[in-house]
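One structure is given here, and the rest of the page talks about it.
The values are calculated or read from the model by the stated rules, or taken from the named source; none is laboratory data. Because the structure is a prediction, the values reported are computed rather than measured. Neighbour counts are summed over all protein chains in view; Cβ atoms, including those assigned to glycine, are modelled from backbone coordinates with ideal geometry. When the accessible area is computed, the model is the full protein with side chains, heavy atoms only, and any ligands, DNA or RNA have been set aside. Shrake-Rupley method; radii C 1.70, N 1.55, O 1.52, S 1.80 Å.
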Amino acid sequence: MMFFSQLRGELKKLFARKRTYIGYVVFLIFEALLLTLWVKVGRAQFEELAERNFIPVELLSSSLTATYWIMGFSMFLLGSIYFALVAGDIVAKETEDGNMRMVLSRPISRLRILVLKYCAVMIYTVTFVIFVGVTGYGMALLAMGSEGGLFIWNPEMFILAVYPDRNEAFQRLFMGACFMGLSMCVVSSLGFFFSCLKIKPAAASVMALSVFFIDFVLQNIPFLANHKDAFITFRMANWIYVLQENIPWERIIESYAILMGLNISLFIMGWMVFQSRDFKT
Amino acid sequence: MLSVKNLTKKFAGKDALKGISFEVARGEIYGLLGHNGAGKSTTLGIILSMVSAGSGEVTIDGISVQKNPRKALRKVGAIFESPAFYDYMSGWDNLKVLVGLSGPFDKKAAREIVEKVGLTERIHSKVGAYSHGMRQRLALAQSLLPEPEILLLDEPTDGLDPEGIKWFRDFILGLRKERGMTVLFNSHLLSEVEQMCDRVSIIRAGELVYEGAVNDLRDDRPGLRLRASPEGTMTEVVKGFGGEKMPGDRWVFPEETKIPTVVRALVEAGAEVSEVTPVRRSLEDVYLEHNSSNKP
C-alpha cells in the first residue's frame, strides 16, 4: 500500500512538470504532420502498391493502417529521443537540483527510491506509446473515416499481413502498441542507468541515445546482417511480429526475455553505482 | 541521543575527516563550527547516511546509522542550506511527496505544522514563487514530520534576513522547550551558535580541535589588548604573570591576575605602554584561535 502511495508521489513529480506536457504537444503536432503527409503523398503510393499486389484498396487504405505508420515513425524518430530525455533526467536532475539530498534525508532505502523512479519511468514510457497510438488513431479517424482494415508491410522484418476485419485489426494494432511500449522501455532503461551515474542529466540522455543509435547503425551494416539478433534495436523491433498473421510467440518471448534481462541488468548496474555514491552539496 | 565515534573519510585520497568523535545528549543543542571544507557537511552527510564513512560509527538513540540507516533515520529530521524543493509543485504537494517517503502522510499533523511555521496562507502556492525564508519554513515543516527526536541543521540560517534568523532561532529554542528536541546545528554564524547552543565543537581540516560548553567559552579569564614597547620586555613581563598570547595583540591571564598589577610591572620594567584595553573572550575569539593559520 505504502509502495503505491510513494509511486503516486513519484508519478506526480513527473506529471506536475510543464515540460512533460511539451513532449505530448510535440508528439501531437508530429503525428498531425505525419498524417497529413500520409494523406497527401503516402496514401496514393500505398494504393498503387496495393493495386499492383491485387489487394483491395478500399479495405486497406484506412485509418488503422495510417495509425500503424504514424506510430512506427513517430516512436522511432522522436520516441527514442524523448524517452532518453525523460529517463536521463529522472535521477540526475534531482541530484543536480539538490532534491536528492532532501529525499535521502528521509528514512527510505536507496534501492526503494530507485525502484520507485524506475517504475514511474516505465509506466510513463508504456502509457506514452499507447497515448501516441490512441491519438494517432483518433486523428486518422477524423481524416480518413472509420472504414477499412489494416495492411502491414515491413520488408526489413519480412512481414506482410492483411486484416480486412476491423475488430481483429484493431486488436492487433493495440497489442502492437503495448509491445512497442515494452520495447521502448529499453531506451528508458538506458537513460535511467546513465542517470544514476555521477553525470549531468543532459549527458545521461546523450549517452543513452548514443548507445541506441550506435546499436541501430551497427545492426544495419550489411556484413553484420547475419548477426542482427545480437543487437538491441533489432530485438526491440520484434514488437512488429504481433502483427504477423501467425504470431511467432517463441521468437517474441525470446526477444522480450532478452530485453527484460537487459532492463534488469541496467537497473542493477544503476543501483550499484547509486548505492555507492556520496551525496554532498 | 547522537553518538559519533572516530569518523574518517577520504575524498580522492585526501583526508576529509580524521577521526571525529562527539556525543549529543537528548534535549541538547550542539553546534558544529568550522571553515568551508573543514568537514562539517561531510560529518552531517555521514550521520544522514548520504556519505559513506571510511571508518567509525554513528548511532542515533543507540541505532547504528551504518548498520540500519532506515531505522536510525526514523528519528531524524534534516534541513539544509538552500533547501531544494520541487519548484513546480505546491508546498503542500512537496510535503506530501517528501513526508510520504517516511510513511503515511497525516494531513492533520501536516496542517498543524504548516500553521506552526506560518505557511498556511501560501502552502498551496507553487514553491517556485516562495522567498528564501518561506522555503526555509517549508523545510522546517518537512523535517518535523512525522515526529523526529533529533534535528540536523546544516547552515539553516544562511541567506535569511535578521528577522528570519531571529524567527528561526526562537522556533528551534521553542521546539527544545516544548518537545525536548535534540538539535545538531552546523553554522558559520558564530553569534547564532553562541545564542542557541549548549555545547560546541570546532572542526579544522577534518579534525575536532575544540569541544566544550558555550558557557565555558564565555571565559571569565581576564583578557587585555596590550601594546607596549619594547615588545621583548612586554612579553617577558606578561609571561611572568602567566599571560598567554592570543591572535590580535590579545593576552589572557589566569583568573586571579589583577590587571593593574600587570600594568604597574610593565611600567616598572621600563616598557612604554601605548594601549591597555580589557577584552572578553568571545566565541569568535575561540573560533579564530582554533582556526588561525599558524596552528598546526
Of all residues in the range A:39-72 being free of Cβ contacts under 8 Å to residues at least 40 places away in the same chain, touching a helix residue (DSSP H, G or I) at 6+ places or on another chain (Cβ under 8 Å) and among the hydrophobic types (A, V, I, L, M, F, W, C), the one that is most open to solvent (accessible area, probe 1.4 Å): A:Trp69
When residues of the range A:218-255 are limited to those that are among the aromatic types (Phe, Trp, Tyr) and touching a Lys or Arg at 6+ places or on another chain (Cβ under 8 Å), the one surrounded by the fewest Cβ atoms within 10 Å (Cβ to Cβ): A:Phe234
Residue check for B:Asp106: farther than 17 Å from B:Leu44 by Cα, facing chain A (nearest Cβ under 8 Å) and among the acidic types (Asp, Glu): no
Condition met for B:Ile29 (away from chain A (no Cβ under 11 Å), of a type in the set (Val, Ile, Thr) and more than 13 Å from B:Thr8 (Cα to Cα)): yes
Answer residue from the range A:132-156, given it is part of a helix (DSSP H, G or I) and surrounded by 17 or more Cβ atoms within 10 Å (Cβ to Cβ) and is farthest from the other protein chains (Cβ to nearest Cβ) among those: A:Met144
So A:Ile81, is it of a type in the set (Val, Ile, Thr) and closer than 25 Å to A:Leu28 by Cβ: yes
Test: residue in the range B:195-213 that is surrounded by fewer than 19 Cβ atoms within 10 Å (Cβ to Cβ), assigned to a helix (DSSP H, G or I) and touching a Lys or Arg at 6+ places or on another chain (Cβ under 8 Å): yes
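Let me confirm something: among A:Ser276, A:Ser265, A:Ser188, which residue is of a type in the set (Gly, Ala, Ser) and over 20 Å from the mean Cα position of the chain (by Cα)?
Details: A:Ser265 fails: over 20 Å from the mean Cα position of the chain (by Cα); A:Ser188 fails: over 20 Å from the mean Cα position of the chain (by Cα).
Every option except A:Ser276 fails the conditions.
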In the range A:85-126, the residues that are among the small types (Gly, Ala, Ser), in contact with a Leu (Cβ under 7 Å, 6 or more places away or on another chain) and within 11 Å of chain B (Cβ to nearest Cβ): A:Ser105
Residues of the range B:135-146 satisfying the condition of being away from every other protein chain (no Cβ under 12 Å) and either free of Cβ contacts under 8 Å to residues at least 24 places away in the same chain or in a loop (DSSP other than H, G, I, E, B) (or both): B:Arg137, B:Leu144
Pairs, first at pLDDT below 90 in the range B:112-123, second assigned to a loop (DSSP other than H, G, I, E, B) and open to solvent by 10 Å² or more (accessible area, probe 1.4 Å), C-beta under 9 Å, six or more apart: B:Leu119/B:Tyr130
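Can you tell me which residue is surrounded by the fewest Cβ atoms within 10 Å (Cβ to Cβ) among those in the range B:108-134 that are among the small types (Gly, Ala, Ser) and not in a helix (DSSP H, G or I)? Before the answer, list the steps.
Restricting attention to the range B:108-134, the residues satisfying the condition of being among the small types (Gly, Ala, Ser) are B:109-110, B:118, B:125, B:128-129, B:131, B:133.
Within this subset, residues satisfying the condition of being not in a helix (DSSP H, G or I) are B:118, B:125, B:131.
Values: B:Gly118: 15, B:Ser125: 14, B:Ser131: 12.
Among them, the one singled out is B:Ser131.
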Residue ID - nearest to the chain's Cα centre (by Cα), chosen from residues in the range B:33-52 that are modelled with pLDDT under 90 and more than 10 Å from chain A (Cβ to nearest Cβ): B:Leu33
Criterion violated by B:Asp161 - all others in (1) closer than 29 Å to B:Ala25 by Cα; (2) open to solvent by 20 Å² or more (accessible area, probe 1.4 Å) satisfied: (1)
Residues of the range A:1-38 that turn out to be exposed (fewer than 12 other Cβ atoms within 10 Å of the Cβ) and either among the aliphatic types (A, V, I, L, M) or more than 14 Å from chain B (Cβ to nearest Cβ) (or both), as a count: 4
Subset of the range A:95-117 [open to solvent by 10 Å² or more (accessible area, probe 1.4 Å), more than 18 Å from B:Asp93 (Cα to Cα) and either of a type in the set (Val, Ile, Thr) or part of a helix (DSSP H, G or I) (or both)]: A:Thr95, A:Glu96, A:Ile108, A:Arg110, A:Leu111, A:Arg112, A:Val115
Among (1) open to solvent by 50 Å² or more (accessible area, probe 1.4 Å); (2) facing chain A (nearest Cβ under 9 Å), the one test that B:Asp154 misses: (1)
Top-ranked residue in the range A:74-93 [being in contact with a helix residue (DSSP H, G or I) (Cβ under 6 Å, 6 or more places away or on another chain) and of a type in the set (Phe, Trp, Tyr); ranked as least open to solvent (accessible area, probe 1.4 Å)]: A:Phe83
Criterion: within 11 Å of chain A (Cβ to nearest Cβ) and not acidic (Asp, Glu) - qualifying residue of B:Lys67, B:Lys14, B:Lys71: B:Lys71
The range B:78-89, residues that are more than 8 Å from chain A (Cβ to nearest Cβ) and crowded, with 21+ Cβ neighbours inside 10 Å: B:Ile79
Residues within the range B:226-263 that are open to solvent by 50 Å² or more (accessible area, probe 1.4 Å), over 12 Å from B:Val276 (Cα atoms) and touching a Lys or Arg at 6+ places or on another chain (Cβ under 7 Å), tallied: 1
Neighbours by Cβ (under 9 Å, 6+ apart or cross-chain): first from the range A:269-281, at the interface with chain B (Cβ under 7 Å from one of its Cβ atoms) and more than 14 Å from A:Gly98 (Cβ to Cβ); second among the hydroxyl-bearing types (Ser, Thr, Tyr) and open to solvent by 90 Å² or more (accessible area, probe 1.4 Å): none
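Would you confirm, using the coordinates I've provided, whether A:Ser205 is touching a residue at least 12 places away in the same chain (Cβ under 8 Å) and open to solvent by 40 Å² or more (accessible area, probe 1.4 Å)?
Values: touching a residue at least 12 places away in the same chain (Cβ under 8 Å): yes; open to solvent by 40 Å² or more (accessible area, probe 1.4 Å): no.
No.
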Residue selected from the range A:120-131 under the condition β-branched (Val, Ile, Thr) and open to solvent by 10 Å² or more (accessible area, probe 1.4 Å), by the criterion farthest from the chain's Cα centre (by Cα): A:Ile123
Residues of the range B:218-272 that turn out to be free of Cβ contacts under 8 Å to residues at least 24 places away in the same chain and acidic (Asp, Glu), as a count: 4
In the range A:161-181, residue most open to solvent (accessible area, probe 1.4 Å) [restricted to those that are farther than 13 Å from A:Tyr137 by Cβ and touching an Asp or Glu at 6+ places or on another chain (Cβ under 9 Å)]: A:Val162
